[in-house]
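Have a look at the structure below, then the notes.
The values are calculated or read from the model by the stated rules, or taken from the named source; none is laboratory data. Because the structure is predicted, anything quoted here is derived from the model rather than measured. Counting neighbours? That spans all protein chains shown, and the Cβs are built from the backbone with ideal geometry, glycine included. Keep in mind that these areas ignore ligands, DNA and RNA; they rest on the heavy atoms of the full protein, side chains included. Shrake-Rupley method; radii C 1.70, N 1.55, O 1.52, S 1.80 Å.
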Amino acid sequence: MDFQITKDQRLLQQRCLTLAADFATRSAEHDRDASHPTENYQRLRAEGFLTLTIPRELGGQGVDFLSHTLAYEALAQGCPSTALAFNMHASIIMPVLLSAEVAPEAKRHLADLVVQQGKLIGGNFSEPGTTSLIGERGLTARAKRVDGGYSITGRKMFASMLQAADYVLVLAYPDTATGPAAGMLLLVPPDAPGRSVNPNWDVLGMRATRSDALILDECRVPESAAVFQTDDMRPFRQAHLTWFWASYTAVYLGVAVAAYHEIIKVLHARQPSGSAQSLAYHPDVRRQVAQMSVDLEAARLITYRSAWLSDTQGPTAETTAALYRAKYMVGEAVTRITRTALTLGGAHGIFKGSRLEQLFRDGALAPMQPPAADFCLWNMGMYELGLDAADVQPPLKPV
């Protein structure tokens, strides 16, 4: 691997750090209120981030996955919720635009919405009992043909920036399907009849993502809302893990970076009464900072390498294992770093409004953000041992 970051990538990274500095001034307020950081989304729209990764032949800027990783690592250092939520736009549209299974006219329609009309696309695949594109459990949301389009009924969960996005790409089970793995992607606008939101996102961390529940009660959408339909969603899912979930790894890496930088500032600034030096000079403090730096650098390089493999090899077995490895490593690193930073910051750091307290809570979600840590380890173990999943007993007895 060539570890040299290109000039264009450095410039993109610096642009994102500048944006992050602005986002950081409002991050605590949005976290406290669990409010949509709409002004941040508008800034990202104005700066061209809607089209950042869209292929050039479809009118986008066509940056690669490593560039995207660098960008969202930087953005997350300002407001983690903004980066996590806005990343959903790319994580949803890129699989559709890159898939050989999706019809060219559907790709052009989606690209036109984003490139020409400036639409922000959210996504809603998860349901109360399944994360849908990660696991194997069937969908409960149903889509049926009606005059002039489709009617969708079901409840979806974890719909980040649901009320801020111009459309939500919903995954539902087609009423004409017979196989358990069938699926259909439909664009649902905010004013679609039968669409409502349950504002239930009162959670520990990433509060400003506003990942509320979407209620679809015979929700009517036109024929043009249908983007993709297949009798087996699994090949589509497997081919685009890079975007569906690996694109979020960089955000949590950015949380770790932000916590590390914040505690460095705190340690240099705090000078105990009666001491001639700041806490930075204490040997125990130096040791823990060194440990954090090792965690951070290891997580960063593993993540960058997984992105590089994705760009150079595509969805190979090696790439997929690397993406799982990066997600697991970042999840472990960010929880250790934010916890150590909070501890070193002392009692003043645990108050609401403290940067370290917020980053601690945001980082705590990393190991459970799909794919969860144990699922990552399961897949890595299968790859390293050269096993076929068909030959392995399920962890729980099936019904």
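Here residue 268 sits with roughly 120 square angstrom of accessible surface, probe radius 1.4 Å. Does segment 183-341 come out rounded, prolate or oblate, given a ≥ b ≥ c as the square roots of the eigenvalues of its C-alpha gyration tensor, rounded meaning a/c under 1.5 and, failing that, prolate meaning a/b above b/c? Here segment 183-341 falls in the oblate category.
Derived from the Cα gyration tensor, the three semi-axes of the equivalent ellipsoid of segment 1-155 are 29, 21, 16 Å, largest first. For segment 265-316, the equivalent ellipsoid derived from the alpha-carbon gyration tensor has semi-axes of 40, 9, 5 Å in decreasing order. Here the spin labels are modelled as points 7 Å beyond Cα on the Cα-Cβ line, and at residue 21 and residue 46 they lie 1.7 nm apart. With a cut-off of 16 Å on the backbone N, the residues of segment 48-83 near the modelled label site 7 Å out from residue 10 along Cα-Cβ are 67, 70-71. Modelled label positions at residue 375 and residue 223, each set 7 Å beyond Cα in the direction of Cβ, lie 3.6 nm from each other.
Here the simple spin-label model places points 7 Å from the Cα toward Cβ, and for residue 305 and residue 399 these points are separated by 4.2 nm.
Which length gain, in nm to one decimal place, applies between residue 343 and residue 147 when the Cα-Cα distance is subtracted from 0.36 nm times their residue separation? Display every interim value, and only then the final one.
Values: separation 196, 0.36 × 196 = 70.56 nm, distance 6.04 nm.
The span from residue 343 to residue 147 would gain 64.5 nm if fully extended.
If the segment from residue 198 to residue 287 were pulled out straight at 0.36 nm per residue, it would be longer than the present Cα-Cα gap by 27.4 nm. Computed extension length for residue 384-residue 33: 121.9 nm, one decimal, from 0.36 nm per residue of separation with the Cα-Cα distance subtracted.
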